[in-house]
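Step one of this worksheet: look at the structure below.
The values are calculated or read from the model by the stated rules, or taken from the named source; none is laboratory data. Note that the structure is predicted; figures quoted are calculated from it, not measured. Using ideal geometry, Cβ is built from the backbone for each residue, glycine included, and neighbour counts are taken over all protein chains shown.
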Amino acid sequence: MAYASTVNGIEAETGEEIISTPYDPGQVKVDYKPFSIFQVMRKIRLGELDLHPDFQRHLVWDATRQSRLVESVLISVPLPAFYLDALTTNHWVVVDGLQRLSALNKFCNQNDLRLHNLEFLKELEGCNFEELPRFYQQQIEETHLNLYIIQPDVPDEVKFTIFYRINTGGVVLTRQEIRHCLYHGPATAFLKNLAESKKFMIVTGNSIPTKHMDDRECVLRFLAFHLVPYTEYQTSNFDAFLGQTMRRLNQMHESERSKLRELFFEMLNRARTVFGDYAFRKLYELDGRRYPINKALFETWATLLLQHDERKLTERKETILHEFAHVMQNDDDFNKSISQSIGSVKSVQKRFSSIENLLTKALT
C-alpha cells in the first residue's frame, strides 16, 4: 500500500488539480507602470501600497541580502519586475517582490537598515539612508522599478492563476498564502484566530506547520464544506472553491463568524472524544502508528462529526475506530481520495460518502 509523503509535518497531497472550465485569457488584465523608488516608498508610507506586515511569516531577508539589494540599485543593476494586485485604483497589495520592497522600505522609509557586507561600495559599510552622500540618495530615489499592476476587475480565479504562475522568486508562496493576499480582511484574521487557538493546537497535537499557513488551510477547508455540503461540490477547481469561502467569510457579519467559531470548537471536542491523539490522521490499526495530519481527512471528519449526535459518537467511538481502520485497510479508492487529486469531484464525493456511510453503520 502506498502512502503519501510528509512535507513540513503534514501529509503531502499529490496530483495536479484539473480546471474543468478554463477562463477566457482575455480576462487577464495587467498594466505596466514604471515608478521611481521615491514614488513607491511614498505609496508605502501613505498606506496605498500594502506590504502586509502580518504576512512576513519568518521570511525576512537577512541584513546581507537586504544590503546587497540596495547596493545593486547604487551600482545600477536592474531589479526584477514587481507584481501588485490593485484592490482599488489607489490600494495595491504586493504579489511578487515582497522581500525586495520590504528591504527598500526598511532602508529608505524606516531608516532602520545599516549597509552590511557589501561587495563593491565598501566605503558605505555601516551607513543608513540618511548617512549616505546626497548623490547616492538621489541614485536610489530616481531609480525606476518595473511594476505590473493586476487590475481590480480581474476575476478572483484569474488572479489566483496569475499569482501562482508569477510566483517564482526565492521564497515561493503556497496556495493558502496566495489566498491570504487575495482575500486579506476579516477572513484572514478569522482563520488566524482559530488556527492559533489552544484547543486547535491540543487536538492536532500542535503538529500542523504554521510557517506556510497549513494550519489556516485546514480550518478553511472545514469551513468550506460546512458552508457548502459536499453533495453540492461540482467545481473540480478546489482553489476557486476555497477562495469563494474566504470571500464569503469576508462578507459575513461578525455574529455569523462567531457562530462558526462555536461550531469549530464543538467539532474539535467531538474529534478529541472519538479519536484522541489520532484525530484527522490515517488509521490502519488501533494503537498503531501515528501518521501526520491529513488535510482531506481533516475536512471530512470535521464536517461529518457535526452531523451526528455527540452522545452516540461517544458511546460508539470504538466501533467508529474499528470501521475506519477497516476502510483504510481495504478501500484503495478511499485512500486515493485523501491523497491524490483531492479537489476532484470524484475524490470529494468518495471520501465524504465513505465516512458518512461508516458513521451511519457505526451509530445504528
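Restricting the search to region 172-228, which residues are in contact (Cβ under 8 Å) with a residue 12 or more places away in the chain, of a type in the set (A, V, I, L, M, F, W, C), within 13 Å of LEU249 (Cβ to Cβ) and assigned to a helix (DSSP H, G or I)?
LEU182, ALA187, PHE190, LEU191, LEU194, VAL219, LEU220, PHE222, LEU223, ALA224, LEU227
Looking only at region 298-324, filter to residues that are under 22 Å from GLY205 (Cβ atoms) and β-branched (Val, Ile, Thr); which one of those is farthest from the chain's Cα centre (by Cα)?
THR314
Select from region 205-228 the residues that are at pLDDT 95 or above, out of contact with any strand residue (DSSP E or B) (no Cβ under 9 Å at 6 or more places or on another chain) and not charged (D, E, K, R) and list them in ascending order.
Once the filter is applied, which keeps residues that are at pLDDT 95 or above, out of contact with any strand residue (DSSP E or B) (no Cβ under 9 Å at 6 or more places or on another chain) and not charged (D, E, K, R), region 205-228 yields VAL219, LEU220, PHE222, LEU223, ALA224, PHE225, HIS226, LEU227, VAL228.
Any chance you could count how many residues in region 12-46 are assigned to a loop (DSSP other than H, G, I, E, B) and at pLDDT 95 or above?
Total meeting the criteria: 1.
Among (1) touching a Lys or Arg at 6+ places or on another chain (Cβ under 8 Å); (2) in a loop (DSSP other than H, G, I, E, B); (3) not charged (D, E, K, R), there is one condition ALA103 misses while meeting the rest; what is its number?
(2)
Quick grid of which residues meet (1) at pLDDT below 95; (2) more than 30 Å from the chain's Cα centre (by Cα); (3) in a strand (DSSP E or B):
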position: LEU59; (1), (2), (3): yes, no, no
position: THR64; (1), (2), (3): no, no, no
position: VAL77; (1), (2), (3): no, yes, no
position: PRO80; (1), (2), (3): yes, no, no
position: PHE107; (1), (2), (3): no, no, no
position: GLU119; (1), (2), (3): no, yes, no
position: GLU123; (1), (2), (3): no, yes, no
position: PHE135; (1), (2), (3): no, yes, no
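Among the listed residues ASN294, ASN330, which satisfies the condition of being at pLDDT 95 or above, within 16 Å of VAL219 (Cβ to Cβ) and out of contact with any helix residue (DSSP H, G or I) (no Cβ under 6 Å at 6 or more places or on another chain)?
Details: ASN330 fails: within 16 Å of VAL219 (Cβ to Cβ).
Testing whether each residue is at pLDDT 95 or above, within 16 Å of VAL219 (Cβ to Cβ) and out of contact with any helix residue (DSSP H, G or I) (no Cβ under 6 Å at 6 or more places or on another chain) leaves just ASN294.
I'm trying to understand the selection: among the residues of region 81-103, which are out of contact with any Phe, Trp or Tyr (no Cβ under 9 Å at 6 or more places or on another chain) and surrounded by fewer than 18 Cβ atoms within 10 Å (Cβ to Cβ)?
LEU87, THR88, THR89, ASN90, HIS91 - these are the residues of region 81-103 that are out of contact with any Phe, Trp or Tyr (no Cβ under 9 Å at 6 or more places or on another chain) and surrounded by fewer than 18 Cβ atoms within 10 Å (Cβ to Cβ).
Name every residue in region 217-237 that is surrounded by 23 or more Cβ atoms within 10 Å (Cβ to Cβ) and aromatic (Phe, Trp, Tyr), in order of residue number.
PHE222
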